[in-house]
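Visitor: Handing you this structure, nothing more for now.
The values are calculated or read from the model by the stated rules, or taken from the named source; none is laboratory data. Worth saying up front: this structure is predicted, and the values here are computed from it rather than measured. A quick note on method: Cβ atoms are made from the backbone with ideal geometry, for glycine too, and the neighbour counts reach across all protein chains shown. These accessible areas exclude ligands, DNA and RNA; they are computed on the full protein's heavy atoms, side chains included. Shrake-Rupley method; radii C 1.70, N 1.55, O 1.52, S 1.80 Å.
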Amino acid sequence: MIELLTRLENTYNGKDYALLKRAYEYARRAHANQKRASGEEYFIHPCTVASILTDLGLDAATVAAAFLHDVIEDTAVSEGDIRKEFGEEVLELVVGVTKLDKIQFHSKEEEQAENFRKIFVAMAKDIRVIIIKLADRLHNMRSLNFLSKERQQRMARETLEIFAPLAHRLGISQIKCELEDLCLKYLEPDFYEYLSTSIEESLKANVEMVDQVVLEVKDILSESKISGDVFGRRKHLYSIYRKMKERNKTLDQIYDLVAIRIIVNTVDECYEVFGKIHHRWKPVPGRIKDYIATPKPNMYRSLHTTVATNFGKVFEIQIRTYEMNHAAEYGIAAHWKYKEKKNIADDLDTRLTWIREVMEWQGGLKDSKEFLNSLKGDIYSSEVLVFTPKGDVISLPKDATPLDFAYSIHSAVGNKCVGAKVNGKMVPLNTVLSVGDVVDIVTSQSSKGPSWDWLKIVKSSSARVKIKQFFKREMKEENVRTGKVMLDAEIKRRGYSMSELLTEDAFMAISAKMSFNGQDEMFASVGYGAVSVNQVVVKLIDYHRKSQPQQEVTKFFKTGKKGDGSVKVKGMAGLLVRFAGCCNPVPGDEIVGFISRGHGVTVHRKDCPNLKHTEDDRIIEVSWAETADSVYNAGIKVTGNTQTEVLTTVASVVAQLKLDIVSTNGRIDPKTNQAIVDFHIRLNGKDELNNLIKKLSQEPKIIDVFRTAN
Ligand code: MN
């Protein structure tokens, strides 16, 4: 590890080196006594990661963070400790890597892998966090042989699906190629073995030829007075493997097992050498590629051609500048080597601008758009990607809550939801989720289901629909029952009965306005509070009034009798007066007049329930005449032990008072088993009525007596 310190000292300035040396010592103390699966000192791991990043040319803060990247997770060191020792920038990088470590990836279909990559990029607030993570993964892949076969496979698949594509997208081909080859080694060990031995053999067999071609190219360069480097380079195994698989070819059919790479100083020199190579050897048609004019999406630039040499052997030749070569190897990391270091702000916009600049500088703005969009789109879009405890990715609308998550899993999970954990901690159900959160829903079978407040909490329309469905469907019976009781109570409170108001016609009329699909739905809506009970009752009464006045009048006439001058109507002499059959007023009762259409005035008792909801302008004041000698019918209700006792007692009292019984109607009260008999008595006024009631109430066989409403 001493070599590493020397290398750091040679690479970074004094101040940076001091920081790195402190980080080195700090990590060594923190990881003391920890071992890796290989049995080595754990400290080897952060050192190797730091070393890889130094090779890539990353800045000192990144390399310092590499030394420290595992201390928060694996040792007693806290975030506060790192901040105190190394400042905010290093802390942010370490925390970023720690956060990414917690994500559990699963081998899934391509779409899932793409989601994971998105989350990765979105969660890493700083692109350097991803680069550290890539270096970390590279070293872990290098030491994979110490793990169980199962873990090897899982890690290799994950690397192939997530990390290698990320390295590729960031243009860091050095890491990408090594990762892919390592994956191949663990995923297809036999094929890997076959490829590496046969390529090794083919290289050995062709080594003279390769040397010969390299020599000839060097001659071409010196003839043209161009300085540069020329060397033979084995293509990486995974790319050969993929070519064979995808194009269904044998190893012999692959030309470019070895490529000759020519590195020069300027773009002009690239094209000049390119022309001279084609002058010297015949190019294979269809194999000439100008990635300088048209860079690859990840900014790769180079000229490629395949030529047939005089030995009849076919070689791929790559021509590029030193700058292009560095960019191809290090991708986005090359920024630190070739450009003056900038302030790398945490601010997202600045970060994106910075990436854009790097892309532009590498010459491929057009093709980098896709990359930028996937980066930017994900962070700014209306989507937030979160994880299930099993590691599946769920896409939710922006500002979504655990309830949206629960309903996106299944409506049953939502309906039984009683709590939620985000990243292992219990949180309120209205917590806004952020990208990468692991969400765990706590359900309970005894949960009664969603509450109405949830509709204010959820952000996704699908969750909203599911909650409403629950109220509509699952709670229906209970809601219908509750709603019916509520409606009945309110209707009675207003002096009506349900059967009177809720006729088929009345229901049709109000459901046209409130669109109920059947009476049960109306009850249910009242029951769960979607519609207030008053809304419904007011509409029912309204309908009742509009449709009923004629009937009311008829009803009054049916049992009423013509007035005979015993009632005076204030200020309207000679008006036709009838007594209402519904309440049978007698002289002495407080009375009012009701102006019926075309039938004069009907006289009611002032407390007649039928008048409660009539329009005030149809009520007029009336009073009894001074001398009232007409006869009237009054209703009384008498309770006794048996009907016979009641009838004989009432008959004898009525006879004593010289009154007449007009009608009787008796029944047994099932609750008390007492006899209740209604009488209509013909009498001359209130005094006689009061006297009758008084006499009856004094009779020992009469339990109760009172005047009825009619
Ligand atoms: Mn690590």
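Visitor: Hey, can you find the accessible area per residue of segment 162-217 for me, probe 1.4 Å, expressed in square angstrom?
Guide: Ligands and nucleic acids excluded, the figure is 44 Å² per residue.
Visitor: Counting only protein heavy atoms and using a 1.4 Å probe, what share of the accessible area of segment 605-710 belongs to carbon plus sulfur, as a whole percent?
Guide: 46
Visitor: Heavy-atom accessible area of GLU201 with all protein chains present, probe 1.4 Å, nearest 10 Å²?
Guide: 120
Visitor: Same structure again: Just to verify a number: what accessible area does HIS168 come out at with the full protein assembly present, 1.4 Å probe, Å² rounded to tens?
Guide: 80
Visitor: Would you please state the base-10 log of I(q)/I(0) at q = 0.22, 0.25, 0.28 1/Å for segment 202-272, with intensities from the Debye formula using one equal scatterer on every alpha carbon?
Guide: Treating every Cα as an identical point scatterer, log10 I(q)/I(0) equals -0.94, -1.05, -1.18.
Visitor: Just grab the label-to-label distance for HIS278 and ILE409, each label 7 Å out from Cα along the Cβ direction, in nm (one decimal).
Guide: Label-label distance for HIS278 and ILE409, simple model: 6.1 nm.
Visitor: Counting heavy atoms of the protein chains only and a 1.4 Å probe, report the per residue accessible area for segment 4-108 as a whole number of Å².
Guide: Computed with neighbouring chains in place, this is 43 Å² per residue.
Visitor: Please calculate how many Å² of accessible area segment 232-327 carries per residue, with a 1.4 Å probe and no DNA, RNA or ligand atoms counted.
Guide: Ligands and nucleic acids excluded, the result is 47 Å² per residue.
Visitor: Something else now. In whole percent, and with a 1.4 Å probe on the protein chains, what portion of the accessible area of segment 463-504 is carbon and sulfur?
Guide: Carbon and sulfur atoms account for 51 percent of the accessible area of segment 463-504.
Visitor: Hey, any idea what % of segment 26-72's accessible area is carbon plus sulfur with a 1.4 Å probe?
Guide: Reported share for carbon and sulfur atoms: 46 percent.
Visitor: State to the nearest 20 debye the size of the charge dipole of segment 235-310 about its Cα centre, where the only charges are +1 on K and R beta carbons and -1 on D and E beta carbons.
Guide: 360
Visitor: Quick one: length gained pulling ALA293 to LEU5 fully straight, 0.36 nm per residue minus the C-alpha distance?
Guide: So the chain would gain 99.6 nm between ALA293 and LEU5.
Visitor: Still on this structure, please answer the following. For segment 169-283, what number of Lys pairs, 8 or more residues apart or on separate chains, have alpha-carbon atoms under 24 Å from each other?
Guide: Final tally of qualifying lysine pairs is 26.
Visitor: What does the highest-first list of 43-52, 135-144 look like by mean Cβ count within 10 Å?
Guide: In descending order of packing, they fall as 43-52, 135-144.
Visitor: For SER239 and MET514, what does the FRET efficiency come to when R0 = 60 Å and r is the distance between their Cβ atoms, rounded to the nearest 0.05?
Guide: E(calc), rounded to 0.05, equals 0.30.
Visitor: Sort GLU208, GLU3, GLU88 from largest to smallest accessible area, using a 1.4 Å probe on the heavy atoms of the protein chains.
Guide: GLU208, GLU3, GLU88
Visitor: Give the calculated FRET efficiency between THR309 and SER196 to the nearest 0.05, with a Förster radius of 22 Å applied to their Cβ-Cβ distance.
Guide: Given R0 = 22 Å and the Cβ-Cβ separation, E is 0.35.
Visitor: Heavy atoms only, 1.4 Å probe, whole protein assembly: order SER525, SER451, SER222, SER446 by accessible area, highest first.
Guide: SER446, SER222, SER451, SER525
Visitor: Then there's this: At 0.36 nm per residue, and after removing the present C-alpha to C-alpha distance, how many nm does the segment from PHE146 to THR648 gain when stretched out fully?
Guide: Here the segment from PHE146 to THR648 would lengthen by 169.7 nm.
Visitor: Mind checking the dipole of segment 600-679: about its Cα centre, +1 per Lys or Arg Cβ, -1 per Asp or Glu Cβ, Debye to the nearest 20?
Guide: Dipole about the Cα centre, nearest 20: 360 debye.
Visitor: Now for a separate question. With every protein chain in place, what's the accessible area of CYS270 (1.4 Å probe, Å², nearest 10)?
Guide: Only protein atoms counted, so the area is about 0 Å².
Visitor: So how much slack lies between SER434 and ASP229, counting 0.36 nm per residue of separation and subtracting their Cα-Cα distance, in nm?
Guide: 68.8 nm
Visitor: Order GLU272, GLU223 by their accessible area, 1.4 angstrom probe, all chains in place, largest first.
Guide: Result of the area sort, largest leading: GLU223, GLU272.
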